[in-house]
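The values are calculated or read from the model by the stated rules, or taken from the named source; none is laboratory data. Just so we're clear, the structure is a prediction, and the values are computed from it rather than from any experiment. Because the Cβ atoms are built from the backbone with ideal geometry, glycine has one as well, and the counts that use them run over all protein chains shown. With ligands, DNA and RNA removed, areas are computed over all heavy atoms of the protein, side chains included. Shrake-Rupley method; radii C 1.70, N 1.55, O 1.52, S 1.80 Å.
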Amino acid sequence: MNLPHMKLEELARKLGCRLEGDAQTDIRGIAGIEAAQAGDLTFVSNPRYRQAACTTRASAVLAAPDLTVEREPGLPPLALLRSEDPYLDFARAIPFFYAPPRYAPSIHPTAVIAASAKIGEGAHIGPYCFIDEGALIGRNAVLHSFVAIYRGARIGDDFFAHAHAVVREGCRIGDRVILQNGVVVGGDGFGFAKQRDARWYKILQAGITVIGDDVEIQANSCIDRATVGETRIGNGAKLDDLVLVGHGGAVGENTLLCGQVGLAGTTRIGNNCILAGQVGCSGHLTVGDGAMIGPQSGVPNDVPPGAFYSGSPVVEHRQWLKNAAAISRVPELAKTVRHLESEIAKLKAQAGT
């Protein structure tokens, strides 16, 4: 099998990096800095890994322009590709050495496709997929296997749905959207009204979910349909595994929702936000553009644009650091208080005699 490889000078040219070292070095793969071997390219994006760059067995490393790398004696020479963003350039380099599987246009005989469904040219429809009446799918779609597209869904070009993804009735999806395994777009929102006899009355979820262009939703995440109107995910947003966006919510463009984020119904998240893992947001609130929220934070109220909040309930991040430092001293303070109470009790006893 012919493995991909590339001379370092060619790789530097394609990435737009300045080369320091042997231009004829042959690069055959990509690896993390500690696992890399001869012929590999690796990267350093955090100064804490500078020492690892000094000892790596990689042939070349992507590094910031000002990073000093002093090789330990006995190790082979290390070429440097000077980059303004080593992590991004590392990501850009991976496709030169790894080709993801390609799916030839075809429809598997076990797929069930309604007569009124329309599928663009170049589509790959895998085993046991189901496409319901009136569904519309654009060009070059890949439905891997066991994918269900409900009635009246509208999906753009270059759609990729991994096994067991579901797009429910009437939902709309833009171009170049990726749904990882088990994603559900447009499942019923969690809407119930309490009746006089204490039973719950299910509120019909009559709205839809709308997904913009260039969105990726990772495994087992759920974007609920609105009770009325739309639940919307903006262009370029990325949602990690096990994320829930409740009914009628909105996530802005290029916003990142990390693993296990949960947004209650009608939560509004702005553009270019980052919500770290396990952030939970109450309903009917707004997180402004560019805001960041730290991991395991609870958000009960609005967050202003550009803010960095942490904790539960959230406060400004610097204040949270102070609070956390103070909490770590509580046992010591409690011990001091007990000592003072004991001393006061002694003084009272002496005064009484």
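Below is a table of values for the structure above.
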| read-out | value |
| --- | --- |
| Residues satisfying the stated conditions in segment 260-302, i.e. in contact with a helix residue (DSSP H, G or I) (Cβ under 8 Å, 6 or more places away or on another chain) and basic (Lys, Arg) | none |
| Evaluation of residue 246 against (1) open to solvent by less than 50 Å² (accessible area, probe 1.4 Å); (2) without any contact (Cβ under 8 Å) to a residue 40 or more places away in the chain (one fails), failing number | (2) |
| Residue in segment 13-20 that is open to solvent by 60 Å² or more (accessible area, probe 1.4 Å) and in a helix (DSSP H, G or I) present | yes |
| Single residue of segment 164-173 satisfying the filter (touching a residue at least 24 places away in the same chain (Cβ under 8 Å) and assigned to a loop (DSSP other than H, G, I, E, B)) that is most open to solvent (accessible area, probe 1.4 Å) | 169 |
| Leading residue by the ranking (surrounded by the fewest Cβ atoms within 10 Å (Cβ to Cβ)) among those in segment 308-329 that are modelled with pLDDT of 90 or more and β-branched (Val, Ile, Thr) | 315 |
| Matching residues, segment 251-282, being crowded, with 21+ Cβ neighbours inside 10 Å and in a strand (DSSP E or B) | 251, 257, 263, 269, 275, 281 |
| Cβ-Cβ under 7 Å pairs, at least 6 apart or on other chains, segment 99-112 side over 14 Å from residue 141 (Cβ atoms) and at pLDDT below 95, far side among the β-branched types (Val, Ile, Thr) and exposed (fewer than 11 other Cβ atoms within 10 Å of the Cβ) | none |
| Residue in segment 209-218 that is within 18 Å of residue 149 (Cα to Cα) and touching a Phe, Trp or Tyr at 6+ places or on another chain (Cβ under 8 Å) present | no |
| Enumerated strands (runs of 3 or more DSSP E) restricted to segment 186-239, each holding at least 3 residues that are surrounded by fewer than 20 Cβ atoms within 10 Å (Cβ to Cβ) | 192-194, 200-202 |
